[in-house]
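What follows is a short report on a single structure.
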Amino acid sequence: MQLYLQAMTTKHFSEFLHSQIQEYAHQKVLNHLWPAEQAQQRAQEDFQMLLPDGLNTYHNYFYVISASNEIVYGYVWLAEVMDSDQPNAPYLFINDYAILPAYQDQGYGQQGLKLVFQEARRLGYHQLGLHVFGENQRAQHLYQKMGFFPTDIVMKKTL
């Protein structure tokens, strides 16, 4: 099946934002970064800070991964970031990449990432970065398979 990246509509953005705030809060709790009782509020605050103008936030790009039948298979949120080592060479960061659960383990993750690579090049970027939570082994495997490599590893121990 041929997948496409399509610009997110306001409706898709609302659905995306709601689901990703929930998932972000869940991952922060799962990875022992936030207490559960604070997670939702903190996640909402983080998203508000990152996206002060929502879908129209400057240098942020939002897409749905879909097919010709217009079923949404996943979401992509890309944002320009500056590299402190190379201040004249901004790069694109995958702030969020999600294949919806019903479509996982069917190769859509790889197909979608290939589309992201093409879009990043089309937008004029030469590097792509991302963050993945330590507990998310599935995503780590996919990203390594697609050519990403660790640049920093942050570790914690509860005492």
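At a glance:
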| read-out | value |
| --- | --- |
| Long-range neighbours under 6 Å by Cβ, at least six apart or interchain, first residue of a type in the set (A, V, I, L, M, F, W, C) within segment 5-20, second part of a helix (DSSP H, G or I) and surrounded by 13 or more Cβ atoms within 10 Å (Cβ to Cβ) | L5/L115; L5/E119; F13/L55 |
| Residues of segment 51-67 satisfying the condition of being of a type in the set (S, T, Y) and outside any strand (DSSP E or B) | T57, Y58 |
| Test: residue in segment 34-50 that is within 28 Å of G147 (Cβ to Cβ), of a type in the set (A, V, I, L, M) and not in a helix (DSSP H, G or I) | no |
| Matching residues, segment 5-35, being surrounded by 14 or more Cβ atoms within 10 Å (Cβ to Cβ) and basic (K, R) | K28 |
| Residue selected from segment 111-137 under the condition within 25 Å of N31 (Cα to Cα), touching a helix residue (DSSP H, G or I) at 6+ places or on another chain (Cβ under 9 Å) and touching a residue at least 24 places away in the same chain (Cβ under 8 Å), by the criterion surrounded by the fewest Cβ atoms within 10 Å (Cβ to Cβ) | E135 |
| Residue check, Q6 outside any strand (DSSP E or B) and out of contact with any Gly (no Cβ under 9 Å at 6 or more places or on another chain) | no |
| Leading residue by the ranking (modelled with the lowest pLDDT) among those in segment 118-145 that are of a type in the set (A, V, I, L, M, F, W, C) and in a loop (DSSP other than H, G, I, E, B) | F133 |
| Residue check, E45 acidic (D, E), more than 18 Å from R121 (Cα to Cα) and either at pLDDT below 95 or touching a strand residue (DSSP E or B) at 6+ places or on another chain (Cβ under 7 Å) (or both) | no |
| Residue identified as on the phi < 0 side of the Ramachandran plot, of a type outside the set (A, V, I, L, M), exposed (fewer than 14 other Cβ atoms within 10 Å of the Cβ) and in contact (Cβ under 8 Å) with a residue 60 or more places away in the chain among Q2, Q38 | Q2 |
| Unique residue being of a type outside the set (K, R) and under 20 Å from G134 (Cβ atoms) when the list is H26, H59 | H26 |
| Residue among E23, E37 that alone is within 19 Å of N136 (Cα to Cα) and among the acidic types (D, E) | E23 |
| Residue in segment 146-158 that is surrounded by fewer than 16 Cβ atoms within 10 Å (Cβ to Cβ), within 26 Å of P87 (Cβ to Cβ), at pLDDT below 95 and of a type in the set (F, W, Y) present | yes |
| Test: residue in segment 70-79 that is within 22 Å of S14 (Cα to Cα), at pLDDT below 90, surrounded by fewer than 19 Cβ atoms within 10 Å (Cβ to Cβ) and not hydrophobic (A, V, I, L, M, F, W, C) | yes |
| Selected residue (criterion: surrounded by the most Cβ atoms within 10 Å (Cβ to Cβ)) from residues of segment 60-69 that are within 19 Å of the chain's Cα centre (by Cα) and of a type in the set (A, V, I, L, M) | I65 |
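The values are calculated or read from the model by the stated rules, or taken from the named source; none is laboratory data. None of the values given here were measured: they were computed from a predicted structure. Every residue, glycine among them, receives a Cβ derived from its backbone with ideal geometry; neighbour counts consider all protein chains shown.
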